[in-house]
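Chemist: The structure's right below; bear with me while I get my questions together.
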Amino acid sequence: GAGNMNKSTVGFSNLIFGLQNATAGNVYNTLAFGTQVLHNSEGSDNLGFGVKTLFYLKNGVDNIGLGNYALHNSINGKNNLSIGNYSSVLNKGNNNITLGHYALSFDELGSNRVTIGSFSGRKIGDGWLEIHSYTDEGDESDALVLGHFFERWLQINGNFRLDLLANPAASNISITPH
């Protein structure tokens, strides 16, 4: 499409469709579909679909952004997977998995996170697990599932059920409340 890779002096193994995608140059092993996807990228092994997806990515590698503005502000991000419109829109971290509309859009620097659900990912910092779907400005402590990978804890804010008849081996599980 028009304006794709127009400044590129070096690059190979790329597949670019749309308008003004991957225009900064020196792009390798990259797939870009949409409008201004990977617009400023000089990275490699990235995949973007949408409008302004991975827009500011400069030297990042191994990122996947699917959705309009997904990973929009990531500059040097590595190993991120972001699915959903505006998912990780402000985040500049590494090793994140985000699924959902505006997921992980409140933490600019967090890394090593798993965030699932619309507007989820409200905790700030590295290593968080959050599964929840917010419809408004709810408190992150209300998340259905909240945990921390480095501190090794998991909290379930709701009923937890095991079907012991469906899995007899599960009947040997002992749960101790704190």
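Chemist: Which residues, taken from region 103-122, are assigned to a loop (DSSP other than H, G, I, E, B) and crowded, with 21+ Cβ neighbours inside 10 Å?
Modeler: Ala103, Leu104, Ser105, Asp107, Gly110, Arg113, Gly117, Phe119, Ser120, Gly121, Arg122
Yes or no, residue by residue, for (1) modelled with pLDDT of 85 or more; (2) touching a Gly at 6+ places or on another chain (Cβ under 9 Å):
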residue: Leu15; (1), (2): no, no
residue: Ala22; (1), (2): no, yes
residue: Gly34; (1), (2): yes, yes
residue: His39; (1), (2): yes, no
residue: Glu42; (1), (2): no, yes
residue: Thr53; (1), (2): yes, yes
residue: Tyr56; (1), (2): yes, no
residue: Gly60; (1), (2): yes, yes
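Chemist: Return yes or no: is Asn91 polar (S, T, N, Q), over 19 Å from Gln20 (Cα atoms), within 15 Å of the chain's Cα centre (by Cα) and open to solvent by 50 Å² or more (accessible area, probe 1.4 Å)? Lay out the reasoning, then the answer.
Modeler: Values: polar (S, T, N, Q): yes; over 19 Å from Gln20 (Cα atoms): yes; within 15 Å of the chain's Cα centre (by Cα): yes; open to solvent by 50 Å² or more (accessible area, probe 1.4 Å): no.
Spelling it out, it is not the case that Asn91 is polar (S, T, N, Q), over 19 Å from Gln20 (Cα atoms), within 15 Å of the chain's Cα centre (by Cα) and open to solvent by 50 Å² or more (accessible area, probe 1.4 Å).
Chemist: Shifting gears a bit: Within region 84-95, is there a residue that is without any contact (Cβ under 8 Å) to a residue 40 or more places away in the chain and in a strand (DSSP E or B)?
Modeler: No, every residue in region 84-95 fails to be without any contact (Cβ under 8 Å) to a residue 40 or more places away in the chain and in a strand (DSSP E or B).
Chemist: What number of residues within region 93-129 satisfy the criterion of being charged (D, E, K, R) and modelled with pLDDT of 95 or more?
Modeler: 2
Chemist: List every residue pair whose Cβ atoms lie under 7 Å apart, where the two residues are 6 or more positions apart in sequence or sit on different chains, the first residue falls within region 46-59 and is surrounded by fewer than 21 Cβ atoms within 10 Å (Cβ to Cβ), and the second residue, located anywhere, is assigned to a strand (DSSP E or B).
Modeler: The qualifying pairs are Leu47/Leu31; Leu47/Ile64; Phe49/Phe33; Phe49/Gly34; Phe49/Leu66; Val51/Gly34; Val51/Thr35.
Chemist: Could I ask something else about it? Please work out if Asp62 is more than 22 Å from Leu109 (Cβ to Cβ) and either touching a residue at least 60 places away in the same chain (Cβ under 8 Å) or of a type in the set (Asp, Glu) (or both).
Modeler: Against the criterion (more than 22 Å from Leu109 (Cβ to Cβ) and either touching a residue at least 60 places away in the same chain (Cβ under 8 Å) or of a type in the set (Asp, Glu) (or both)), Asp62 does not qualify.
Chemist: Tell me, which strands (runs of 3 or more DSSP E) lie completely within region 9-78 with 1 or more residues that are within 14 Å of the chain's Cα centre (by Cα)?
Modeler: 47-51, 64-66
The values are calculated or read from the model by the stated rules, or taken from the named source; none is laboratory data. The model shown is predicted, which means the values in this text are computed figures rather than measured ones. All Cβ positions, even for glycine, are placed from backbone atoms using ideal geometry, and neighbour counts span all protein chains on display. Please note that ligands, DNA and RNA were not included when accessible areas were found on the heavy atoms of the full protein model with its side chains. Shrake-Rupley method; radii C 1.70, N 1.55, O 1.52, S 1.80 Å.
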